[in-house]
Amino acid sequence: MCIIIASPLQNISPWIRAIQKVDSSIEVLSLDEVTDQSTVEFILAWNQPPGIFAHFPNLKTISSMGAGVDHLVKDKSIAPPVNIVRIIDPLLSQDMYEFVLATIMSQLRMLPMYRENQIQKVWKKKLYRRISDIRVGIMGTGNIGAHVATKLTEAGFSVVGWGRSPNPSPQGIKKYYGMEQLADFLRSCNLLVSLLPLTSETQGILNYNYLKQLPKGAWVINIGRGGLLVDDDLVQLIDQGHIEGASLDVFVTEPLPDDHVFWSHPKIFVTPHIASLTHPDSVAAQIVENYHRTKLGKPLLHLVNRLLEY
Ligand code: GLV
């Protein structure tokens, strides 16, 4: 038995090295190197070619190469007995927090504006806002969201959370939950951080009607998935002066197409899905553990609930 990596858009050598550092007896192959598909029971996948899983009759486990699993849940070639697992990594959560903090601080202290002014040789001071002026709303209070919320609170921000269910929130953080409390949650924060998983329920949740509930002048950060956001609605609310601007790291189509309005909008900041990158060395042990559990028929770590889609 071996681990197959189905991720055609990236260099998989660091993944092979990291897995073999944990267990040198495991053969790790790319999709193209598979000769007998019936022997494959475990696949590691990211941006996999559509429909590939149907070619593996004895597949038992598919592991995402990241925290998100929307690329797997939506793939209809995965038969129900096949288990989907995801990565849960404290380093990934910390990276997300550091990205959020950097983004918020850069906006609060207007660093992009000063860079523009430097290019124009303009010496002009503007009054800045402070951490104490910001009430952050975290949408998605799972592993990553809870970590981001806790760290932002420690940094002095006032933080509220919103999630699908009333699961306990990190200490000291008021939690709103369910669609019936979403508008109240949005009204209560002036900086929104979207960290939700993309599911049939959350698709397009950041639309005109909900985003309009944010107070005038709010900032939006989307580091969950592009499909959560209705792009035109965000642009409309920014152009109307209701939302001040947005920092977007994830998009419906990635790479972001050349002709997309986000590229040139003066109040939208685009980054290429780098809020956190999975480090193969940090997550290889849990992948190897799930590989062995698959072989032994034992319960898997970080199993995805196929009904909830995350
Ligand atoms: C990144 O987007 C991930 O899901 O890990």
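Every read-out reported here was derived from the displayed coordinates using simple, explicitly stated rules and does not represent laboratory data. These figures come from a predicted structure and were not determined experimentally. No Cβ is skipped: glycine too gets one built from the backbone with ideal geometry, and neighbour counts run over all protein chains shown.
Calculated FRET efficiency, residue 127 to residue 167, Cβ-Cβ distance, R0 = 41 Å: about 0.55 to the nearest 0.05. Per-residue extension of 0.36 nm, minus the Cα-Cα distance of residue 200 and residue 27, leaves a gain of 58.7 nm for this segment. In the chain, the convex hull through the Cα atoms has an average projected area of 17.6 nm², a quarter of its surface area.
For region 185-310, the gyration tensor built on C-alpha atoms gives a prolate shape. Its axis ratio a/c (a ≥ b ≥ c) is at least 1.5, and a/b is the larger of a/b and b/c.
On C-alpha positions alone, give me the angle between the axis of helix 143-154 and the longest principal axis of the chain, in degrees, nearest 10. With both axes taken from Cα atoms, the answer is about 40 degrees.
Axis of helix 90-108 versus longest Cα principal axis of the chain: the two differ by about 20°, to the nearest ten degrees.
Placing unit charges on the Cβ atoms only, positive for Lys and Arg and negative for Asp and Glu, gives the chain a dipole magnitude near 1240 debye about its Cα centre. Residues of region 154-172 falling in the label zone of residue 111, defined by backbone nitrogen less than 15 Å from a point 7 Å along Cα to beta-carbon, are absent. The label-point distance for residue 253 and residue 183, in a model that sets each label 7 Å from Cα toward Cβ, rounds to 3.4 nm. Relative to the longest principal axis of the Cα atoms of the chain, the long axis of helix 280-296 lies at roughly 40 degrees.
Based on the alpha carbons, how large is the Rg to Rh ratio for region 90-270 when Rh follows Kirkwood? Computed over Cα atoms, the ratio is 0.96.
Quick one: among 218, 79, 67, which has the greatest mean-square fluctuation in a GNM of the chain with alpha-carbon springs under 10 angstrom? Between 218, 79, 67, it is 79 that shows the largest mean-square fluctuation.
Rounded, prolate or oblate, given the Cα gyration tensor of region 16-91, with a/c below 1.5 counting as rounded?
It comes out oblate by the Cα gyration axes.
Find out how many positive minus negative residues lie around residue 185, taking Lys and Arg as positive, Asp and Glu as negative, among other residues whose Cβ is under 13 Å from that of residue 185.
Net charge around residue 185: +3.
Mean separation of Cα pairs under 8 Å and 6+ residues apart, divided by the residue count of the chain: what relative contact order is that in percent? Here the relative contact order equals 17 percent.
Spin-label model, residue 58/residue 296: points 7 Å from Cα along the beta carbon direction are separated by 2.0 nm.
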